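K.L.:
Next up is a structure, given as structure tokens.
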Amino acid sequence: MATAGLTLEAIAPLMIERVRAGQSVVRLHSGDPSLYSAIHEQIQILAAAEIAFEVIPGISAFQAAAAKLNAELTIPGLVQSIILTRISGRTQVPETEELEALAAHQTSLCLYLSARHVEAAQARLMVHYPADTPVAICYRLGWPDEQIHLVSLDQMATVTRDVDLIRTTLYVVSPALGAAKARSRLYNPDHTHLFRPRPSQTQT
């Protein structure tokens, strides 16, 4: 049953009714249910009704984007953190998580649910990120009409408007998308660890 047009007050009783009737119920969300999926309120209702449930993890759009771009978002010596966030809109973000404050870290920043406010997002990001920072504009990842546009930060809003993206759009803002050749320590012959200990020295 498609639930896009339903409210929680219509969805939750239906799930509870079917489970109590002995049926198995799957509440299917796209992406990763731990991000922007509104499962918290559903969990509370099911717990209050003493309905046992399990949350199955999914693939988030930022992970799908990195795979499509053949990119690693954590490059040694360049960027080692990823921020997943959104800009304030109808749902406000806490003051301590305003986009400009998060941009100050210049990490790989994955911006969800913000295409309607792309001009404001771009302006706040450019307070701290250089104008030529690579941005992947990702629309409906994994769907037949998927679009990915790799642009500089100063073109983020223009390209979004030119291709008329409003919903289901993720922005990946990251110096990693334009990274030059880099080498991690993990597979470096000079780096030893639990699974590759230092060769023993032969005593003479």
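The values are calculated or read from the model by the stated rules, or taken from the named source; none is laboratory data. The model shown is predicted, which means the values in this text are computed figures rather than measured ones. So basically every Cβ, Gly included, is an ideal-geometry build from the backbone, and we count neighbours across all protein chains shown.
K.L.:
Would a scan of the range 108-120 turn up a residue that is farther than 24 Å from I39 by Cα, out of contact with any His (no Cβ under 7 Å at 6 or more places or on another chain) and among the small types (G, A, S)?
P.N.:
Yes, the conditions are met somewhere in the range 108-120.
K.L.:
Next question. Aliphatic (A, V, I, L, M) and either outside any loop (DSSP other than H, G, I, E, B) or in contact with a Pro (Cβ under 8 Å, 6 or more places away or on another chain) (or both): does that describe A52?
P.N.:
no
K.L.:
Run down R18, R90, R27 and say which single residue is touching a residue at least 12 places away in the same chain (Cβ under 8 Å) and either outside the structural domain of W143 (by TED's automatic domain parsing) or not aromatic (F, W, Y) (or both).
P.N.:
Residue meeting the stated conditions: R27.
K.L.:
While we're here: Out of all the residues in the range 61-73, which are touching a residue at least 40 places away in the same chain (Cβ under 8 Å) and either of a type in the set (A, V, I, L, M) or within 21 Å of H117 (Cα to Cα) (or both)?
P.N.:
A61, F62, A64, A65, A66, L69, A71, L73
K.L.:
Hey, another quick one. Got at least one residue in the range 35-42 being on the phi > 0 side of the Ramachandran plot, assigned to a loop (DSSP other than H, G, I, E, B) and either surrounded by 10 or more Cβ atoms within 10 Å (Cβ to Cβ) or under 18 Å from the mean Cα position of the chain (by Cα) (or both)?
P.N.:
yes
K.L.:
Moving to a separate point now. Restricting to the range 2-27, name every residue that is exposed (fewer than 10 other Cβ atoms within 10 Å of the Cβ) and either of a type in the set (F, W, Y) or on the phi < 0 side of the Ramachandran plot (or both). Full working, then the answer.
P.N.:
Taking the range 2-27 and keeping what is exposed (fewer than 10 other Cβ atoms within 10 Å of the Cβ), we get 2, 4-5, 7, 9, 21-24, 26.
A2, A4, G5, T7, E9, A21, Q23, S24, V26 - these are the residues of the range 2-27 that are exposed (fewer than 10 other Cβ atoms within 10 Å of the Cβ) and either of a type in the set (F, W, Y) or on the phi < 0 side of the Ramachandran plot (or both).
K.L.:
Which residues, counting only those in the range 99-124, are on the phi > 0 side of the Ramachandran plot and of a type in the set (S, T, N, Q)?
P.N.:
Q106
K.L.:
Across the range 74-95, which residue is nearest to the chain's Cα centre (by Cα) among those that are in a loop (DSSP other than H, G, I, E, B) and closer than 17 Å to L113 by Cβ? Don't jump to the end; show me each part of the working.
P.N.:
In the first step, residues of the range 74-95 are kept if they are in a loop (DSSP other than H, G, I, E, B); the result is 74, 76-78, 80-81, 87-94.
Now restrict to residues that are closer than 17 Å to L113 by Cβ: 87-94.
Working: I87: 13, S88: 16, G89: 18, R90: 19, T91: 17, Q92: 18, V93: 16, P94: 18 Å.
That would be I87.
K.L.:
Which residues, taken from the range 30-44, are farther than 15 Å from T3 by Cα and either in the same structural domain as L84 (by TED's automatic domain parsing) or not hydrophobic (A, V, I, L, M, F, W, C) (or both)?
P.N.:
The first filter runs over the range 30-44 and keeps only residues farther than 15 Å from T3 by Cα, leaving 31-36, 40-41, 43-44.
If the condition is that a residue be farther than 15 Å from T3 by Cα and either in the same structural domain as L84 (by TED's automatic domain parsing) or not hydrophobic (A, V, I, L, M, F, W, C) (or both), then G31, D32, P33, S34, Y36, H40, E41, Q44 are the ones that fit.
K.L.:
Are any residues in the range 101-118 of a type in the set (G, A, S) and part of a loop (DSSP other than H, G, I, E, B), and if so, which ones?
P.N.:
Selection gives A104, S114.
K.L.:
F62 versus (1) within 19 Å of R86 (Cβ to Cβ); (2) in a loop (DSSP other than H, G, I, E, B): which is the lone unmet condition?
P.N.:
Here F62 meets the rest and fails (2).
Residues are listed down the side, and each one gets a yes or a no for (1) assigned by TED's automatic domain parsing to the domain that holds G31; (2) out of contact with any Asp or Glu (no Cβ under 7 Å at 6 or more places or on another chain); (3) surrounded by fewer than 20 Cβ atoms within 10 Å (Cβ to Cβ); (4) within 14 Å of P175 (Cβ to Cβ):
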residue	(1), (2), (3), (4)
L84	no, yes, yes, no
T96	no, yes, yes, no
A103	no, yes, no, yes
R116	no, yes, yes, no
L150	no, yes, yes, yes
D162	no, yes, yes, no
